There are 2 protein chains.
Amino acid sequence: MADVFKALADPTRRIILDELTERDGQTLFEICVRLTSRHGLCLTRQAVSQHLAVLEEAGLIATRRQGRYKFHHLDTAPLAAIFERWPLTGKGPQP
Amino acid sequence: MADVFKALADPTRRIILDELTERDGQTLFEICVRLTSRHGLCLTRQAVSQHLAVLEEAGLIATRRQGRYKFHHLDTAPLAAIFERWPLTGKGPQP
DNA sequence: TTGACAGGCAAGTAGCGACTTGCCTATTGT
DNA sequence: ACAATAGGCAAGTCGCTACTTGCCTGTCAA
């Protein structure tokens, strides 16, 4: 569970999650290109790869290997633990 | 919004939030004592004070001064932004 | 008024984490 | 077969941050 917070701590990783939210199942190179072109980030392929490893270890990303491609799929399920730990005060369920 | 994730990144700060969830409105010294006695942490008063400052800056804690005491109150409202950003996939509202 | 208590400010240290660099493996197309 | 593509491994550098240490301010009780 601590891995989830550690993964969310970095702004680049949060942007990667945004990218996969908008377009799920991207490869490492696709993510690199979109981080550069759409968010103005200048990162090495290695840097992005390490970020993806952290996100996968946290359970926020599931990977699927196919030939020489590796697709990354978002999984927001671990985020639910945050609300179970600190319930939103005095509010009903969220829509 | 980035402050919220930075605040949640540290395990000690998450335990502080747990403490305030269980017993809201504690002072700095009360939190220090409970971190030591209930969680086995050996932290300086300064360290805890700095953690509380980070949590307050993130909006997760509101402070109320009264005489020489300063009470700390939990506010989980900023956490709602997490779900707005990455909705829980394929699930209905949480109870 | 003086001492004890609750908290704050600031500088210094140490360790973790993000990023790079260099090289390597595996799959695909010509 | 060979080159290009997609990705992986490992060591090294650098900056941020958690924590400490030392001293200072404000409040309450004797």
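Just so you know, all these numbers are worked out from the coordinates, no wet-lab data involved. Bear in mind that the values here come from a model prediction, so they are computed numbers and not experimental data. Here the Cβ positions follow ideal geometry from the backbone for every residue, glycine too, while neighbour counts run over all protein chains shown.
Here are the numbers for this structure:
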quantity: Summed residue charge, Cβ within 13 Å of A:V33's Cβ, Lys/Arg positive, Asp/Glu negative; calculated: +2
quantity: Projected-area mean, chain B, by convex hull of Cα positions, square nanometres; calculated: 7.1 nm²
quantity: Shielding of A:9-15 by partner chains, average beta-carbon count, 10 Å; calculated: 3
quantity: For the protein assembly as shown, size of Cβ-based charge dipole, Lys and Arg +1, Asp and Glu -1, in debye; calculated: 200 debye
quantity: Label geometry 7 Å along the beta-carbon vector: A:M1 inter-copy distances in nm; calculated: 2.5
quantity: Projected label distance in nm at B:A81 and A:A80, using a 7 Å step from Cα toward the beta-carbon; calculated: 2.5 nm
quantity: Residues A:H39 and B:E30, FRET efficiency given R0 of 45 Å [Cβ-Cβ distance, rounded to 0.05]; calculated: 0.55
quantity: Convex hull volume per residue for the protein assembly as shown, taking Cα atoms only, in Å³; calculated: 139 Å³
quantity: Candidates A:G59, A:G40, A:G67: whichever shows maximal mean-square fluctuation once chain A is modelled as a Gaussian network with Cα springs under 10 Å; calculated: A:G67
